[in-house]
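See below for the structure under consideration.
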Amino acid sequence: MSKIPFNKPPFLGSEFEYMREAIGSGHISGDGSFTKRCSAVLEGLIGAQKVLLTTSCTHALEMSALLLEIRPGDEVIFPSFTFVSTVNAFVLRGAKPVFADIRPDTLNLDETRLERLLSPKTRAVVPVHYAGVGCEMDDILGFAARHKLAVVEDNAHGLTGSYKGKPLGSFGCMATQSFHETKNFSCGEGGALVINDPEYIERAEIIREKGTNRSRFFRGMVDKYTWVDIGSSYLPSDMLAAYLYAQLEQWQAIQARRKQLWEKYDSALRDWAARSGVRQPFIPPNCQQSYHMYYLLFPTLAQRQSFIERLKERDILSVFHYLPLHLSDMGLRFGGKAGDCPVTERVSDQLVRLPFFYNLTDAEQDRVIEVVLSQAV
């Protein structure tokens, strides 16, 4: 019997055709025709002023920290339950991370804790739309407006999701996207910076082009380009953009299949979860999720670990997720301590993610469900 992985990168079939087209064009470096096509699709999906493809979501986050001119001593609020890139991008500029706990229902940043984390040094808040379910953006934006703070959405999980009918990624002055192989749409490694405030567009282009005004040169706005600001090389190859475009142009088909898989898990496991004391994902009625993952929350760490091992014995790979950043080696250096974020600490021990990807077959999903239903918790 074949093994069922936790993830396989999405593949639709036209990726090779578009990559051959990119090669044939003679332009496989950054900002070629496929890069522009991807940006146009993303701008339409999010309703953004500008979307710039990047080499990773990490680099998009780094660009946002540069654009906000984060400096040593500034404080930025993050959920402790997130990937390290969310925080590292700002720490690289000298910021001190301030860790917020998460809500027990959606596992998103707990907006009710923001006021108590505020200090005169706070510059920004970075909400993460966990599993593609929107944070309570009305409250977060209200908090930011009262205290004149920037909001950067980490939307790595959330593309095509919405909060109160508005696309995730369209709320903050900026947002970031991921096209890593574990995401709904992928080119292996890739990302995007979403710019909703036009004030940042021109400088974002400069930072992304190694600190030069090269974009203005190609638009005929200057007769030569030169070094004008700090920056780095954040442009992905047009080969990667070609691979990504094959998926973005069929985003509706991908999302329809992911929705079908998610709803089948949710329905098939409902009675078993209720009997076993296992919690399924919670989707608020004002949120349209992106169907990024399917997770379960077990009563204890021991039960979670036992479940993962029993599935592994049946050749099914399920995995846990984030460890609390405030208790990591680096988090402790910034003053984190046990008990600071109790929901994060508990959920980190409880959560397991089931195999979930576009090319998961019906037979494979049926096998996962059958094995889960046979488990006593």
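The values are calculated or read from the model by the stated rules, or taken from the named source; none is laboratory data. Just so we're clear, the structure is a prediction, and the values are computed from it rather than from any experiment. Glycine also receives a Cβ, built like all others from the backbone with ideal geometry; neighbour counts cover every protein chain displayed.
Summary table
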| quantity | calculated |
| --- | --- |
| Residue pairs meeting the criteria (Cβ under 9 Å; at least 6 apart or on separate chains; first farther than 22 Å from Ile201 by Cβ, in the range 152-178; second basic (Lys, Arg)) | His157/Lys183 |
| Residues within the range 92-112 that are buried (at least 16 other Cβ atoms within 10 Å of the Cβ) and either without any contact (Cβ under 8 Å) to a residue 60 or more places away in the chain or in a loop (DSSP other than H, G, I, E, B) (or both), tallied | 11 |
| Residue that is aliphatic (A, V, I, L, M), buried (at least 17 other Cβ atoms within 10 Å of the Cβ) and within 30 Å of Ala363 (Cβ to Cβ), where the choices are Val278, Val194 | Val278 |
| Subset of the range 244-273 [of a type outside the set (S, T, N, Q) and in contact with a Phe, Trp or Tyr (Cβ under 7 Å, 6 or more places away or on another chain)] | Leu244, Tyr245, Ala246, Leu248, Trp251, Ile254, Arg257, Arg258, Lys259, Leu261, Trp262, Tyr265 |
| Contacts under 6 angstrom Cβ, first residue in the range 257-268 being basic (Lys, Arg), partner at pLDDT 95 or above, 6 or more apart | Arg257/Tyr358; Arg258/Tyr291; Lys259/Tyr291 |
| Selection within the range 316-344 - touching a Ser or Thr at 6+ places or on another chain (Cβ under 8 Å) and either modelled with pLDDT under 95 or assigned to a loop (DSSP other than H, G, I, E, B) (or both) | Phe320, His321, Tyr322, Leu323, Pro324, Gly336, Asp340, Cys341 |
| Residue list for the range 12-55, filter: of a type in the set (S, T, N, Q), surrounded by fewer than 22 Cβ atoms within 10 Å (Cβ to Cβ) and within 18 Å of the chain's Cα centre (by Cα) | Ser39, Thr55 |
| Flag for Val347 being part of a helix (DSSP H, G or I), closer than 27 Å to Gly161 by Cα and not assigned by TED's automatic domain parsing to the domain that holds Asp74 | yes |
| Residue in the range 132-155 that is in the same structural domain as Val194 (by TED's automatic domain parsing), over 18 Å from the mean Cα position of the chain (by Cα), among the aliphatic types (A, V, I, L, M) and closer than 18 Å to Leu193 by Cβ present | yes |
| Unmet criterion (only one of (1) out of contact with any Cys (no Cβ under 9 Å at 6 or more places or on another chain); (2) closer than 26 Å to His129 by Cα) for Val377 | (2) |
| The range 229-242, residues that are assigned to a helix (DSSP H, G or I) and surrounded by fewer than 24 Cβ atoms within 10 Å (Cβ to Cβ) | Met239 |
| Matching entry among Pro9, Pro5 (being closer than 30 Å to Leu317 by Cβ, loosely packed, with under 15 Cβ neighbours inside 10 Å, touching a residue at least 24 places away in the same chain (Cβ under 8 Å) and not aliphatic (A, V, I, L, M)) | Pro5 |
| Residue under evaluation Met293, criteria (1) aliphatic (A, V, I, L, M); (2) in contact (Cβ under 8 Å) with a residue 40 or more places away in the chain; (3) in a helix (DSSP H, G or I), criterion not met | (3) |
| Any pair with Cβ under 6 angstrom, 6 or more apart, that starts in the range 44-67 at a residue that is acidic (Asp, Glu) and ends at one that is at pLDDT 95 or above and assigned to a helix (DSSP H, G or I) | Glu62/Ala89 |
